[in-house]
1. Kindly provide the trypsin sites (Lys or Arg not before Pro) of segment 108-173 that DSSP labels as loop, not H, G, I, E or B, and whose Cβ sees at most 14 other Cβ atoms within 10 Å.
2. Can you pull the accessible area of residue 201 for me, 1.4 Å probe, Å² to the nearest 10?
3. Calculated from DSSP H runs of 4 or more alone, at -39500 (n - 2.57) each and per residue, what is the 222 nm mean residue ellipticity of the chain, nearest 500?
4. Relative to a virtual label point 7 Å from the Cα of residue 193 in the Cα→beta-carbon direction, which members of segment 73-116 show backbone nitrogen distances below 13 Å?
5. Once you've got the GNM for the chain with C-alpha springs shorter than 10 Å, pick whichever of 73, 107, 136 has the biggest mean-square fluctuation.
6. Going by amide H atoms built from the backbone, whose H comes under 5 Å of the H on residue 185, apart from near neighbours?
7. Quick one: check the C-alpha center-to-center distance for segment 108-162 versus segment 188-205, whole angstrom.
8. Tell me, in nm to one decimal, what length is gained between residue 125 and residue 60 on full extension, where the rule is 0.36 nm per residue of separation less the Cα-Cα distance?
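The values are calculated or read from the model by the stated rules, or taken from the named source; none is laboratory data. Fair warning: this is a prediction, and the values are worked out from it, not measured in the lab. As a convention, Cβ positions derive from the backbone with ideal geometry for all residues, glycine included, and neighbour counts pool all protein chains shown. What goes into the accessible areas is simple: the full protein's heavy atoms, side chains included, and nothing from ligands, DNA or RNA. Shrake-Rupley method; radii C 1.70, N 1.55, O 1.52, S 1.80 Å.
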Amino acid sequence: MTHPIISAIEERRTTNLFDASRGISDDQISELVRLATRAPTSFNLQNWRFVAVRSPEQKTRLRKLAWDQAKVTEAAVTFIICGQLTDERVLAERLAPVVAAGIMPATMVSGWEAGARNLYRDQPWRQRDEAVRTATFGAGTLIFAAHALGLGSSPMIGFDPDAVSQEFGLGPDEVPVMLVGVGYATPENWPQKPRRPLSQVLEFV
Ligand SMILES: Cc1cc2nc3c(=O)[nH]c(=O)nc-3n(C[C@H](O)[C@H](O)[C@H](O)COP(=O)(O)O)c2cc1C
């Protein structure tokens, strides 16, 4: 039998057409984000935030900043997935539950802090790269969580990031990396598109 994760990878498609008459509950939204945050992040930094834009008024505001893409309002919820610019100074707090769970010895924390300090402190480019990686892993995991819950999803980069930051009150350390619309898909959506052949994208060394 095909493993359900393999099936999800094979079946998932980008939803362009949502059934605008069907909403999802705040509990479902919370569950999607709970699952999304199971994605891995560098040093377990968890430098992300998910803004769930789900009221008709707020979705309309967001759509104006997102190339007037209809799916921003037709999706039950459109997430603004943010990555946060950060460095080792958040790590003590982020790793404390890992130590408390008995996974990591307390003595290891300072080593991770030193590594993260080397990588990120006063390195705005690397911080930005990490923010984008973190939010992208979160978005990818959210997309598959949505699929597993019978929902379609639509990642979008067609938006004005500065305007979204300003209008939705993002912090100066927050990068709006991607919008992801989630809701019930209509049957007319295209299937997953063919991909480039492996010979073009895979190199064995
Ligand atoms: C990072 C990213 C940004 C995207 N931005 C948009 C967008 O702004 N508008 C849109 O209609 N589709 C957008 N797409 C959807 C892509 O066109 C779609 O995922 C791609 O064609 C593959 O579709 P499939 O997964 O259904 O095969 C985006 C996808 C990704 C991954």
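1. On the way: sites: 117, 121, 126, 128, 133; in loops: 121.
Passing sites in segment 108-173 are 121.
2. 90 Å²
3. Numbers: 9 runs with 91 residues, N = 205.
Rounded to the nearest 500, it is -13000 deg cm²/dmol.
4. In segment 73-116, the label zone of residue 193 (backbone N under 13 Å from the point 7 Å along Cα→Cβ) covers no residue.
5. Result for the chain, Cα springs under 10 Å: 107 fluctuates most.
6. Sorted by chain and number, the residues that satisfy this are 19, 152.
7. Result: 23 Å between the Cα centres.
8. Numbers: separation 65, 0.36 × 65 = 23.40 nm, distance 3.27 nm.
Gain on extension, residue 125 to residue 60, equals 20.1 nm.
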